[in-house]
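Read through the structure below, which is laid out as structure tokens, and then see the notes.
The values are calculated or read from the model by the stated rules, or taken from the named source; none is laboratory data. Bear in mind that the values here come from a model prediction, so they are computed numbers and not experimental data. Surface accessibility is based on the protein's heavy atoms, side chains included, excluding ligands, DNA and RNA. Shrake-Rupley method; radii C 1.70, N 1.55, O 1.52, S 1.80 Å.
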Amino acid sequence: MTAKAVLIGPPGSGKTTLGRLLAERLGVGFRDTDSDVEAVAGKPVSDIFVEDGEERFRELEHEAVRRALAEHDGVLSLGGGAVLHEETQALLDGQPVVYLQVGLTDAVQRVGLASARPLLVLNPRSRLKALMEERRPIYERLAMMTVVTDKREPEELADEIVKGLPG
């Protein structure tokens, strides 16, 4: 099964907000793999990191992405680090992957540095910057389309993505 769009990008890029809007525009369902992981684990992502560790979270995340790509033909939002898993990268090959690119300033404003983002606990601004720089080459390689989200409204971004999607 092929999704209509698979949204990737760092925390604060707008994957959930834009994903819901895009699904509405396309008349399809929306699915977020972080929500799938939480449903399977029975606890929030932040608790999985603390109680079970990042490695366990990444295993659950990969399985959630695999399942979602097999079952869901709408808009899919992946957790920011889902693309780090090599098997997940392989699964995304041939999918309509949209990289939501965001600058550090906008990401910080959207995420809110007091939020429960498990990888951003210590020195969140520099940690977010490092995550964004580390993951950017992977996001860019996987993307069929890159959309810069800085200082733009979700409606405008959704229009741009709809126009750029295949079929």
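Summary of values
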quantity: Potential lengthening between residue 54 and residue 148 on full extension [0.36 nm per residue; Cα-Cα distance subtracted]; calculated: 31.0 nm
quantity: Whether the chain is rounded, prolate or oblate, judged on the alpha carbon gyration tensor where a/c under 1.5 counts as rounded; calculated: oblate
quantity: Amide H contacts of residue 7 (H built 1.01 Å from N, under 5 Å, at least 5 apart or other chain); calculated: 76, 77, 78, 98
quantity: Computed [θ] at 222 nm, deg cm²/dmol, the chain (DSSP H ≥ 4; -39,500 (n - 2.57); rounded to nearest 500); calculated: -17000 deg cm²/dmol
quantity: Solvent-accessible heavy-atom area per residue, rounded to whole Å², over region 1-86 at 1.4 Å; calculated: 43
quantity: Accessible-area composition of the chain, carbon plus sulfur, in percent [1.4 Å probe]; calculated: 48
quantity: Whole-Å semi-axes of the ellipsoid equivalent to region 1-97 (Cα gyration tensor, √5λ, descending); calculated: 21, 14, 12
